[in-house]
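K.L.:
Following this message is one structure expressed as C-alpha coordinates.
The values are calculated or read from the model by the stated rules, or taken from the named source; none is laboratory data. Predicted, not measured: the structure shown is a model, and the values here were computed from it. Because the Cβ atoms are built from the backbone with ideal geometry, glycine has one as well, and the counts that use them run over all protein chains shown.
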Amino acid sequence: MTKIFHPLLALIASATDKELAKYVQFLKEENKILRNRVPGQIHTRPSERERLIKFGKAIGRAVEELITIVKPATFYGWIRDEGHESRLKNPKGGQRKPRDIRELVIQIAKTTGFGYTRIIGELRKLGIRKISRQTVRNILKEEGIEPGPERRSDCWSEFVKRHAETLWACDFFSVKAVTTRGLRDLYVLIFICLETREVIVSSSTEHPNSAWVVKQTESFLDQTMHRERKPDIILHDRDSKYSKEFVAKLKSRGLRPTALPKASPNLNGRCERVIQTIKHECLANFIIFGKRHLDYLTAEFSAYYNTKRAHMERNNLPPCGEIPDEIATLRLDQIDIQSHVGGLVKSFQRKAA
(Lines give C-alpha, C1' and ligand atoms only; values in the text may rest on other atoms or scores of the structure.)
Protein backbone atom coordinates (compact mmCIF):
# COMPACT_ATOMS: atom_id res chain seq x y z
CA MET A 1 0.00 0.00 0.00
CA THR A 2 2.86 2.31 0.85
CA LYS A 3 4.51 1.74 -2.53
CA ILE A 4 1.25 2.50 -4.34
CA PHE A 5 0.52 5.81 -2.62
CA HIS A 6 4.01 7.32 -2.37
CA PRO A 7 4.41 7.98 -6.14
CA LEU A 8 0.90 9.43 -6.26
CA LEU A 9 1.58 11.79 -3.40
CA ALA A 10 4.90 12.75 -4.94
CA LEU A 11 3.15 13.52 -8.23
CA ILE A 12 0.57 15.77 -6.49
CA ALA A 13 3.26 17.54 -4.51
CA SER A 14 5.33 18.06 -7.65
CA ALA A 15 2.40 19.54 -9.52
CA THR A 16 1.67 21.93 -6.66
CA ASP A 17 5.30 23.06 -6.54
CA LYS A 18 5.20 23.85 -10.25
CA GLU A 19 2.10 25.96 -9.80
CA LEU A 20 3.66 27.80 -6.88
CA ALA A 21 6.80 28.36 -8.91
CA LYS A 22 4.69 29.94 -11.66
CA TYR A 23 2.96 32.18 -9.11
CA VAL A 24 6.30 33.31 -7.70
CA GLN A 25 7.72 33.95 -11.16
CA PHE A 26 4.70 36.07 -12.09
CA LEU A 27 4.93 38.12 -8.90
CA LYS A 28 8.66 38.64 -9.43
CA GLU A 29 8.11 40.00 -12.93
CA GLU A 30 5.25 42.21 -11.75
CA ASN A 31 7.42 43.54 -8.93
CA LYS A 32 10.21 44.37 -11.40
CA ILE A 33 7.80 46.35 -13.57
CA LEU A 34 6.44 48.28 -10.58
CA ARG A 35 9.95 48.92 -9.24
CA ASN A 36 11.07 50.33 -12.60
CA ARG A 37 8.17 52.80 -12.45
CA VAL A 38 9.48 54.19 -9.14
CA PRO A 39 12.95 55.63 -9.80
CA GLY A 40 15.37 56.51 -7.06
CA GLN A 41 15.67 55.40 -3.47
CA ILE A 42 12.61 54.18 -1.57
CA HIS A 43 12.52 55.08 2.11
CA THR A 44 10.77 52.58 4.36
CA ARG A 45 9.07 53.23 7.68
CA PRO A 46 9.96 51.21 10.80
CA SER A 47 6.67 49.29 10.63
CA GLU A 48 7.32 48.44 6.97
CA ARG A 49 10.83 47.19 7.76
CA GLU A 50 9.45 44.99 10.52
CA ARG A 51 7.05 43.33 8.07
CA LEU A 52 9.78 42.77 5.51
CA ILE A 53 12.07 41.27 8.14
CA LYS A 54 9.32 38.99 9.41
CA PHE A 55 8.57 37.46 6.03
CA GLY A 56 12.11 37.73 4.66
CA LYS A 57 13.65 35.73 7.48
CA ALA A 58 11.18 32.93 6.85
CA ILE A 59 12.42 32.33 3.29
CA GLY A 60 16.13 32.51 4.08
CA ARG A 61 18.67 33.21 1.33
CA ALA A 62 15.96 33.20 -1.35
CA VAL A 63 15.19 36.76 -0.29
CA GLU A 64 18.25 37.89 -2.26
CA GLU A 65 16.51 37.00 -5.54
CA LEU A 66 13.19 38.52 -4.54
CA ILE A 67 13.89 41.78 -2.78
CA THR A 68 14.03 44.89 -4.97
CA ILE A 69 13.01 47.71 -2.65
CA VAL A 70 16.54 47.74 -1.15
CA LYS A 71 19.76 45.83 -1.69
CA PRO A 72 20.12 42.44 0.04
CA ALA A 73 22.98 43.87 2.14
CA THR A 74 20.63 46.54 3.48
CA PHE A 75 18.06 43.91 4.34
CA TYR A 76 20.64 41.87 6.27
CA GLY A 77 21.62 45.07 8.06
CA TRP A 78 18.03 45.46 9.21
CA ILE A 79 18.12 41.93 10.61
CA ARG A 80 21.38 42.62 12.48
CA ASP A 81 19.95 45.81 13.97
CA GLU A 82 16.68 44.14 14.94
CA GLY A 83 16.06 44.52 18.63
CA HIS A 84 18.57 47.38 18.99
CA GLU A 85 16.12 50.25 18.70
CA SER A 86 18.31 52.73 20.49
CA ARG A 87 21.14 52.12 18.06
CA LEU A 88 18.80 52.46 15.08
CA LYS A 89 17.34 55.73 16.28
CA ASN A 90 20.67 57.25 17.26
CA PRO A 91 23.40 55.45 15.30
CA LYS A 92 26.16 57.90 16.22
CA GLY A 93 25.46 57.67 19.93
CA GLY A 94 24.93 61.41 20.40
CA GLN A 95 22.11 63.23 22.12
CA ARG A 96 18.75 63.13 20.36
CA LYS A 97 17.20 66.49 19.62
CA PRO A 98 14.41 67.63 21.95
CA ARG A 99 10.92 66.51 20.96
CA ASP A 100 9.87 70.10 20.25
CA ILE A 101 12.66 70.52 17.70
CA ARG A 102 11.85 67.20 16.05
CA GLU A 103 8.16 68.11 15.78
CA LEU A 104 9.06 71.50 14.33
CA VAL A 105 11.26 69.89 11.64
CA ILE A 106 8.48 67.47 10.74
CA GLN A 107 5.89 70.27 10.63
CA ILE A 108 8.05 72.41 8.32
CA ALA A 109 8.64 69.44 6.00
CA LYS A 110 4.96 68.48 5.77
CA THR A 111 3.71 72.05 5.43
CA THR A 112 6.17 73.36 2.85
CA GLY A 113 7.60 70.30 1.09
CA PHE A 114 11.08 71.84 1.52
CA GLY A 115 14.25 69.78 1.26
CA TYR A 116 16.83 69.43 4.03
CA THR A 117 18.77 72.63 3.26
CA ARG A 118 15.70 74.87 3.11
CA ILE A 119 14.40 73.38 6.35
CA ILE A 120 17.73 74.33 7.93
CA GLY A 121 17.19 77.86 6.61
CA GLU A 122 13.77 78.08 8.24
CA LEU A 123 15.22 76.87 11.54
CA ARG A 124 18.03 79.43 11.36
CA LYS A 125 15.47 82.21 10.89
CA LEU A 126 13.76 80.99 14.05
CA GLY A 127 17.06 81.19 15.95
CA ILE A 128 17.75 77.42 16.08
CA ARG A 129 21.39 77.00 15.08
CA LYS A 130 22.59 73.81 16.75
CA ILE A 131 21.18 71.37 14.24
CA SER A 132 22.86 69.98 11.14
CA ARG A 133 21.56 68.97 7.75
CA GLN A 134 22.28 65.33 8.57
CA THR A 135 20.19 65.59 11.73
CA VAL A 136 17.26 66.97 9.73
CA ARG A 137 17.71 64.11 7.26
CA ASN A 138 17.72 61.53 10.05
CA ILE A 139 14.58 62.98 11.64
CA LEU A 140 12.66 62.88 8.38
CA LYS A 141 13.93 59.42 7.50
CA GLU A 142 12.82 58.03 10.86
CA GLU A 143 9.36 59.46 10.24
CA GLY A 144 9.22 57.96 6.77
CA ILE A 145 9.06 61.36 5.07
CA GLU A 146 10.48 61.44 1.56
CA PRO A 147 13.31 63.81 0.55
CA GLY A 148 12.37 67.27 -0.65
CA PRO A 149 12.23 66.72 -4.44
CA GLU A 150 9.78 63.84 -4.07
CA ARG A 151 7.50 65.76 -1.72
CA ARG A 152 7.72 68.88 -3.82
CA SER A 153 6.55 67.16 -6.99
CA ASP A 154 3.18 68.71 -7.72
CA CYS A 155 0.16 66.80 -8.90
CA TRP A 156 -2.72 67.91 -11.08
CA SER A 157 -5.30 67.87 -8.28
CA GLU A 158 -3.11 70.14 -6.13
CA PHE A 159 -2.61 72.56 -9.03
CA VAL A 160 -6.36 72.73 -9.65
CA LYS A 161 -7.11 73.20 -5.95
CA ARG A 162 -4.55 75.99 -5.65
CA HIS A 163 -5.87 78.00 -8.62
CA ALA A 164 -9.51 76.88 -8.65
CA GLU A 165 -11.07 80.28 -7.86
CA THR A 166 -9.67 81.89 -11.01
CA LEU A 167 -9.12 78.77 -13.11
CA TRP A 168 -11.45 78.20 -16.06
CA ALA A 169 -11.47 75.49 -18.69
CA CYS A 170 -13.02 75.45 -22.14
CA ASP A 171 -13.94 72.87 -24.72
CA PHE A 172 -16.04 72.36 -27.86
CA PHE A 173 -18.90 70.01 -28.49
CA SER A 174 -21.01 69.39 -31.56
CA VAL A 175 -24.68 68.54 -32.06
CA LYS A 176 -26.61 67.27 -35.07
CA ALA A 177 -29.35 69.69 -36.11
CA VAL A 178 -32.06 69.56 -38.77
CA THR A 179 -31.81 72.54 -41.13
CA THR A 180 -33.30 73.54 -44.48
CA ARG A 181 -30.13 72.12 -46.05
CA GLY A 182 -30.44 68.79 -44.27
CA LEU A 183 -28.67 67.43 -41.20
CA ARG A 184 -25.79 69.66 -40.10
CA ASP A 185 -23.19 69.70 -37.30
CA LEU A 186 -23.45 72.76 -35.04
CA TYR A 187 -20.52 73.60 -32.74
CA VAL A 188 -20.67 75.18 -29.30
CA LEU A 189 -17.87 76.53 -27.10
CA ILE A 190 -18.28 76.12 -23.35
CA PHE A 191 -16.36 77.66 -20.43
CA ILE A 192 -16.50 76.34 -16.85
CA CYS A 193 -15.07 77.70 -13.60
CA LEU A 194 -13.40 74.85 -11.78
CA GLU A 195 -14.16 76.30 -8.34
CA THR A 196 -17.82 77.29 -8.61
CA ARG A 197 -18.80 75.00 -11.54
CA GLU A 198 -20.46 77.96 -13.25
CA VAL A 199 -20.77 77.44 -17.01
CA ILE A 200 -20.89 79.99 -19.82
CA VAL A 201 -22.08 78.61 -23.16
CA SER A 202 -21.51 80.34 -26.49
CA SER A 203 -23.90 80.63 -29.40
CA SER A 204 -23.57 77.89 -31.99
CA THR A 205 -22.14 77.85 -35.50
CA GLU A 206 -21.64 75.54 -38.43
CA HIS A 207 -18.19 76.97 -39.06
CA PRO A 208 -16.05 77.19 -35.90
CA ASN A 209 -13.23 79.15 -37.51
CA SER A 210 -10.71 81.36 -35.75
CA ALA A 211 -12.81 84.52 -36.05
CA TRP A 212 -15.82 82.83 -34.44
CA VAL A 213 -13.71 81.39 -31.60
CA VAL A 214 -12.18 84.81 -30.89
CA LYS A 215 -15.64 86.42 -30.90
CA GLN A 216 -17.02 83.91 -28.37
CA THR A 217 -13.92 84.27 -26.24
CA GLU A 218 -14.34 88.04 -26.20
CA SER A 219 -17.98 87.61 -25.15
CA PHE A 220 -16.86 85.33 -22.29
CA LEU A 221 -14.27 87.88 -21.16
CA ASP A 222 -16.81 90.71 -21.22
CA GLN A 223 -19.08 88.67 -18.92
CA THR A 224 -16.37 87.89 -16.37
CA MET A 225 -13.82 90.73 -16.43
CA HIS A 226 -15.62 92.94 -13.89
CA ARG A 227 -15.97 90.28 -11.23
CA GLU A 228 -14.10 90.34 -7.95
CA ARG A 229 -12.54 86.98 -8.82
CA LYS A 230 -12.08 87.27 -12.54
CA PRO A 231 -10.50 84.49 -14.62
CA ASP A 232 -6.74 84.21 -14.59
CA ILE A 233 -5.91 80.90 -16.30
CA ILE A 234 -7.78 79.26 -19.20
CA LEU A 235 -7.18 75.55 -19.77
CA HIS A 236 -7.77 74.14 -23.24
CA ASP A 237 -6.74 71.13 -25.27
CA ARG A 238 -4.68 71.22 -28.46
CA ASP A 239 -7.58 71.42 -30.89
CA SER A 240 -6.59 73.39 -33.99
CA LYS A 241 -9.59 75.68 -33.41
CA TYR A 242 -7.63 77.29 -30.57
CA SER A 243 -5.68 79.48 -32.96
CA LYS A 244 -2.94 82.04 -32.41
CA GLU A 245 -5.63 84.74 -32.46
CA PHE A 246 -7.44 82.96 -29.60
CA VAL A 247 -4.24 82.88 -27.52
CA ALA A 248 -3.45 86.51 -28.37
CA LYS A 249 -6.94 87.63 -27.34
CA LEU A 250 -6.59 86.01 -23.91
CA LYS A 251 -3.11 87.44 -23.36
CA SER A 252 -4.24 90.91 -24.39
CA ARG A 253 -6.82 90.81 -21.58
CA GLY A 254 -4.29 89.63 -18.98
CA LEU A 255 -5.18 85.92 -18.95
CA ARG A 256 -2.83 82.96 -19.23
CA PRO A 257 -3.89 80.37 -21.83
CA THR A 258 -2.60 76.91 -20.87
CA ALA A 259 -2.62 74.14 -23.45
CA LEU A 260 -3.00 70.69 -21.91
CA PRO A 261 -0.66 67.83 -22.87
CA LYS A 262 -1.61 65.59 -25.76
CA ALA A 263 -3.65 62.44 -25.10
CA SER A 264 -4.71 63.60 -21.62
CA PRO A 265 -8.51 63.98 -21.68
CA ASN A 266 -8.77 63.45 -17.92
CA LEU A 267 -7.06 66.80 -17.29
CA ASN A 268 -10.11 68.50 -18.77
CA GLY A 269 -12.53 66.09 -17.15
CA ARG A 270 -14.78 68.72 -15.58
CA CYS A 271 -15.45 70.28 -18.96
CA GLU A 272 -16.14 66.87 -20.46
CA ARG A 273 -18.51 66.10 -17.60
CA VAL A 274 -20.59 69.27 -17.96
CA ILE A 275 -20.84 68.68 -21.72
CA GLN A 276 -22.15 65.20 -20.97
CA THR A 277 -24.70 66.72 -18.56
CA ILE A 278 -25.94 69.23 -21.16
CA LYS A 279 -26.29 66.53 -23.79
CA HIS A 280 -27.87 63.82 -21.63
CA GLU A 281 -30.17 65.97 -19.49
CA CYS A 282 -31.22 68.42 -22.18
CA LEU A 283 -30.25 68.04 -25.84
CA ALA A 284 -30.86 64.28 -26.06
CA ASN A 285 -34.55 64.95 -25.33
CA PHE A 286 -35.10 67.17 -28.37
CA ILE A 287 -34.93 67.07 -32.13
CA ILE A 288 -32.94 70.23 -32.76
CA PHE A 289 -34.15 72.43 -35.60
CA GLY A 290 -31.34 74.79 -36.54
CA LYS A 291 -29.08 77.26 -34.82
CA ARG A 292 -31.73 79.38 -33.07
CA HIS A 293 -33.33 76.32 -31.49
CA LEU A 294 -29.99 75.02 -30.22
CA ASP A 295 -28.97 78.43 -28.85
CA TYR A 296 -32.28 78.69 -26.99
CA LEU A 297 -31.90 75.23 -25.43
CA THR A 298 -28.29 75.72 -24.32
CA ALA A 299 -29.02 79.20 -22.92
CA GLU A 300 -32.06 77.96 -20.98
CA PHE A 301 -30.32 74.89 -19.63
CA SER A 302 -27.14 76.75 -18.66
CA ALA A 303 -29.25 79.29 -16.72
CA TYR A 304 -30.96 76.40 -14.90
CA TYR A 305 -27.59 74.69 -14.37
CA ASN A 306 -26.01 77.80 -12.85
CA THR A 307 -28.85 78.96 -10.60
CA LYS A 308 -31.09 75.99 -9.81
CA ARG A 309 -29.33 72.64 -10.30
CA ALA A 310 -27.72 71.15 -7.18
CA HIS A 311 -24.05 70.12 -7.36
CA MET A 312 -22.36 67.63 -5.08
CA GLU A 313 -19.04 69.53 -5.27
CA ARG A 314 -20.87 72.69 -4.18
CA ASN A 315 -22.30 71.10 -1.04
CA ASN A 316 -25.45 70.30 -3.04
CA LEU A 317 -26.08 73.95 -3.88
CA PRO A 318 -26.18 75.62 -7.33
CA PRO A 319 -22.98 77.28 -8.63
CA CYS A 320 -24.42 80.81 -8.60
CA GLY A 321 -27.50 80.50 -6.44
CA GLU A 322 -27.91 82.26 -3.12
CA ILE A 323 -27.42 80.20 0.02
CA PRO A 324 -30.81 80.08 1.80
CA ASP A 325 -31.22 80.45 5.54
CA GLU A 326 -31.50 77.07 7.22
CA ILE A 327 -34.94 76.13 8.55
CA ALA A 328 -36.28 73.04 10.28
CA THR A 329 -39.31 72.32 8.06
CA LEU A 330 -41.47 73.64 5.21
CA ARG A 331 -45.13 73.23 4.31
CA LEU A 332 -46.07 72.38 0.75
CA ASP A 333 -47.92 75.66 0.34
CA GLN A 334 -44.64 77.50 1.05
CA ILE A 335 -42.91 75.99 -1.99
CA ASP A 336 -42.97 77.02 -5.66
CA ILE A 337 -42.27 74.49 -8.42
CA GLN A 338 -40.58 76.08 -11.42
CA SER A 339 -40.23 74.59 -14.90
CA HIS A 340 -37.20 75.09 -17.12
CA VAL A 341 -36.33 74.30 -20.75
CA GLY A 342 -39.98 73.94 -21.76
CA GLY A 343 -40.88 71.86 -18.72
CA LEU A 344 -38.06 69.33 -19.26
CA VAL A 345 -36.58 69.93 -15.81
CA LYS A 346 -38.09 71.36 -12.64
CA SER A 347 -36.76 73.02 -9.52
CA PHE A 348 -38.17 73.86 -6.10
CA GLN A 349 -37.80 77.07 -4.17
CA ARG A 350 -39.39 78.78 -1.18
CA LYS A 351 -42.09 81.33 -1.87
CA ALA A 352 -41.28 84.92 -1.07
CA ALA A 353 -42.50 85.96 2.35
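K.L.:
Within segment 203-231, which residues are part of a loop (DSSP other than H, G, I, E, B) and more than 22 Å from Ile275 (Cα to Cα)?
P.N.:
Taking segment 203-231 first, the residues part of a loop (DSSP other than H, G, I, E, B) are 203-204, 206-209, 225-231.
If the condition is that a residue be part of a loop (DSSP other than H, G, I, E, B) and more than 22 Å from Ile275 (Cα to Cα), then Met225, His226, Arg227, Glu228, Arg229, Lys230 are the ones that fit.
K.L.:
Among the residues of segment 182-190, are any exposed (fewer than 12 other Cβ atoms within 10 Å of the Cβ), in the same structural domain as Thr217 (by TED's automatic domain parsing), out of contact with any strand residue (DSSP E or B) (no Cβ under 8 Å at 6 or more places or on another chain) and at pLDDT 90 or above?
P.N.:
Yes, segment 182-190 contains at least one residue that is exposed (fewer than 12 other Cβ atoms within 10 Å of the Cβ), in the same structural domain as Thr217 (by TED's automatic domain parsing), out of contact with any strand residue (DSSP E or B) (no Cβ under 8 Å at 6 or more places or on another chain) and at pLDDT 90 or above.
K.L.:
Might you let me know whether segment 292-312 holds any residue that is part of a loop (DSSP other than H, G, I, E, B), at pLDDT below 85 and closer than 30 Å to Ala177 by Cα?
P.N.:
Residues of segment 292-312 that are part of a loop (DSSP other than H, G, I, E, B), as a first pass: 308-310.
Retained after the next criterion (residues that are at pLDDT below 85): 310.
If we keep only those that are closer than 30 Å to Ala177 by Cα as well, we get 310.
Yes, segment 292-312 has at least one match.
K.L.:
What number of residues in segment 116-133 are surrounded by 10 or more Cβ atoms within 10 Å (Cβ to Cβ) and either of a type in the set (D, E, K, R) or assigned to a helix (DSSP H, G or I) (or both)?
P.N.:
10
K.L.:
Given Ile200, Ile278, which one is part of a helix (DSSP H, G or I), at negative phi, within 25 Å of the chain's Cα centre (by Cα) and of a type outside the set (S, T, N, Q)? Please lay out each step first, then the result.
P.N.:
Details: Ile200 fails: part of a helix (DSSP H, G or I).
Residue meeting the stated conditions: Ile278.
K.L.:
Let me ask something else about it. Does Ala284 satisfy the condition of being among the small types (Gly, Ala, Ser) and more than 14 Å from Val199 (Cα to Cα)?
P.N.:
Working: among the small types (Gly, Ala, Ser): yes; more than 14 Å from Val199 (Cα to Cα): yes.
When the stated conditions are applied, Ala284 passes them.
K.L.:
Working only within segment 251-275, note down all residues that are of a type in the set (Ser, Thr, Tyr), under 21 Å from the mean Cα position of the chain (by Cα) and closer than 19 Å to Val213 by Cα. Explain how you work it out, then say what you get.
P.N.:
To start, the set of residues in segment 251-275 that are of a type in the set (Ser, Thr, Tyr) comprises 252, 258, 264.
The next check asks that each one be under 21 Å from the mean Cα position of the chain (by Cα); those that pass are 258, 264.
Hit for segment 251-275 is Thr258, nothing else.
K.L.:
Inside segment 194-228, can you point out the residues that are surrounded by 19 or more Cβ atoms within 10 Å (Cβ to Cβ) and charged (D, E, K, R)?
P.N.:
Arg197, Glu198
K.L.:
Tell me which residues, restricted to segment 231-252, are surrounded by fewer than 15 Cβ atoms within 10 Å (Cβ to Cβ) and either more than 12 Å from Leu167 (Cβ to Cβ) or basic (Lys, Arg) (or both).
P.N.:
The initial filter retains those residues of segment 231-252 that are surrounded by fewer than 15 Cβ atoms within 10 Å (Cβ to Cβ), namely 232, 238-240, 244-245, 248, 251-252.
Residues satisfying the conditions are Arg238, Asp239, Ser240, Lys244, Glu245, Ala248, Lys251, Ser252.
K.L.:
Looking for something under 26 Å from Glu313 (Cα atoms), of a type in the set (A, V, I, L, M, F, W, C), at pLDDT 90 or above and touching a Phe, Trp or Tyr at 6+ places or on another chain (Cβ under 7 Å) - is there at least one such residue anywhere in segment 216-227?
P.N.:
So far as segment 216-227 goes, yes, one or more of its residues are under 26 Å from Glu313 (Cα atoms), of a type in the set (A, V, I, L, M, F, W, C), at pLDDT 90 or above and touching a Phe, Trp or Tyr at 6+ places or on another chain (Cβ under 7 Å).
K.L.:
Please go through segment 282-314 and pick out each residue that is among the charged types (D, E, K, R) and under 26 Å from the mean Cα position of the chain (by Cα). It would help to see each step written out before you state the result.
P.N.:
Going residue by residue through segment 282-314, those that are among the charged types (D, E, K, R) are 291-292, 295, 300, 308-309, 313-314.
Listed by number, the residues that qualify are Arg309, Glu313, Arg314.
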